[in-house]
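In what follows, a structure is listed as structure tokens, so that the remarks can point back to it.
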Amino acid sequence: MARKNKILVPEARQALDQLKARVTGTMDPQDAKYEAAKEQGIPLQKGYNGKLTSEEAGKVGGRIGGSMVQELIKLAKNNLK
């Protein structure tokens, strides 16, 4: 079952979407998951994806989330300098 985490500051949604697009190398944040799946060879398509295993779905989300965390850490380190 998909889990939609609520962000703590709703006004940050646009900035988070921009970060997601930046770390996946896409212009549109909606295409980020498809780009991440393509890089890993996972057959994610627009529409129904019921044939994906939970492992494959986790790899896509983990790739995006992990990259976002790494980028945020890098930005924070630069702000401390």
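The values are calculated or read from the model by the stated rules, or taken from the named source; none is laboratory data. Keep in mind that this is a model prediction, so the values were computed, not measured. Every residue, glycine among them, receives a Cβ derived from its backbone with ideal geometry; neighbour counts consider all protein chains shown.
Restricting to region 24-61, name every residue that is among the charged types (D, E, K, R) and assigned to a helix (DSSP H, G or I).
At the first step, the residues of region 24-61 found to be among the charged types (D, E, K, R) are 28, 31, 33, 35, 38-39, 46, 51, 55-56, 59.
Selection gives 31, 33, 35, 38, 39, 55, 56, 59.
Can residue 64 be described as in a loop (DSSP other than H, G, I, E, B) and buried (at least 16 other Cβ atoms within 10 Å of the Cβ)?
Working: in a loop (DSSP other than H, G, I, E, B): no; buried (at least 16 other Cβ atoms within 10 Å of the Cβ): yes.
In short, no.
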Practice task
Kindly check whether there is at least one residue in region 1-10 that is at pLDDT 90 or above and either among the aromatic types (Phe, Trp, Tyr) or part of a helix (DSSP H, G or I) (or both).
Solution key: no
Handout entry: Enumeration of residues in region 15-27 that are within 16 Å of residue 68 (Cβ to Cβ) and in contact with a helix residue (DSSP H, G or I) (Cβ under 9 Å, 6 or more places away or on another chain)
Key = 16, 17, 18, 19, 20, 21, 22, 23, 24, 25, 26
Exercise for the section: Quick one: which residue in 58, 50 is within 13 Å of the chain's Cα centre (by Cα) and exposed (fewer than 15 other Cβ atoms within 10 Å of the Cβ)? Expected result: 58
